[in-house]
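This report refers to the structure that appears directly beneath it.
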Amino acid sequence: MNLNVKEIFYSLQGEGGRQGEASIFIRLAGCNLHCSFCDTDHGEGSEMELTAILSYIRPFPAKWIVWTGGEPSLQLNNEVLSFFRKEGYLQAIESNGTRPLPELLDYRVISPKGANPAYAKALNPRAEEVRLPVKKGDPLPPVELLPQASCYFLSPVFEEQEAKTRENILYCVACIKEHPHWRLSLQMHKLIGIE
Ligand code: SF4
């Protein structure tokens, strides 16, 4: 079985509830959305056999795989997850919530984009984490409309202009003070300059 892989790299989880944990990131090519703030190159990848992916990641000592994209659920299924589970890996996903996720995931991050949080909940009623990218002035969806999760994060969008990033951060801080079920998630990897 093959996956269309954009890149594989070993780093620390930069944001959310697993922030700081060593993880193997497998970025799958392709996305079904076109977000204006997207800073990820998820086009055109290379076909890789699951066994080739396994050989590539085996030297990394961490046991967490983070499936990311693009939208990784366009390619992931239980057969793929089962293959890596049998090899002893724990598997997380970073999904935009527009598709039902396969069951064999150990940690689901749903990051609804645009105006579809209720749609995300209908497809995936539960997740370990909901994380929203937020720019200054963005309206926040009521938490009841989102998938039920152990933690809810606001992630200020990092912009090219530092002053704009700062505005987004301060906006998130103000929102969280008003609605304390949210927590702040800063993209640590960008702050400390790692992949
Ligand atoms: S869902 Fe994520 S990867 Fe896809 S376009 Fe939006 S920000 Fe980019």
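Just so you know, all these numbers are worked out from the coordinates, no wet-lab data involved. Small disclaimer: the values here were computed from a predicted structure and weren't measured. Quick reminder, even Gly has a Cβ in these numbers, built from the backbone with ideal geometry, and neighbours come from all protein chains shown.
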Return the sequence-ordered ³J(HN,Hα) values of segment 17-28 in whole Hz as given by the Karplus equation 6.51 cos²θ - 1.76 cosθ + 1.60 applied to θ = phi - 60°, using x for Gly and Pro. x, 9, 3, x, 7, 4, 8, 9, 9, 10, 8, 8
Let's test this: bin the Cα-Cα distances of the chain at 10 Å from zero up to the farthest pair and state each bin's percent. 9, 36, 38, 15, 3
Going Cα to Cα from Lys177, which lysines come in below 28 Å? Please leave out same-chain ones fewer than 8 positions away. Lys113, Lys121, Lys135, Lys136, Lys164, Lys190
Restricting the count to DSSP beta bridges whose residues both fall in segment 2-192, what percent are antiparallel, rounded to a multiple of 5? 30
If amide hydrogens are placed 1.01 Å from N in the peptide plane, which non-local residues have theirs closer than 5 Å to the one on Ala22? Gln13
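Rounded to the nearest 500, what is the chain's calculated 222 nm mean residue ellipticity when only DSSP H runs of at least 4 contribute -39500 (n - 2.57) each, over all residues?
Mean residue ellipticity at 222 nm (helix-derived): -6500 deg cm²/dmol.
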Report the charge-dipole magnitude of segment 2-192 in Debye, nearest 20, computed about the Cα centre from +1 at each Lys and Arg Cβ and -1 at each Asp and Glu Cβ. 400
Which cross-chain or sequence-distant (5 or more) residues have an amide H under 5 Å from the amide H of Leu28, H modelled 1.01 Å from N in plane? Lys6, Thr68, Gly69
If each part is reduced to its alpha-carbon centroid, segment 155-186 and segment 6-23 end up apart, in Å, by 21
If amide hydrogens are placed 1.01 Å from N in the peptide plane, which non-local residues have theirs closer than 5 Å to the one on Arg183? Tyr152, Phe153, Leu154
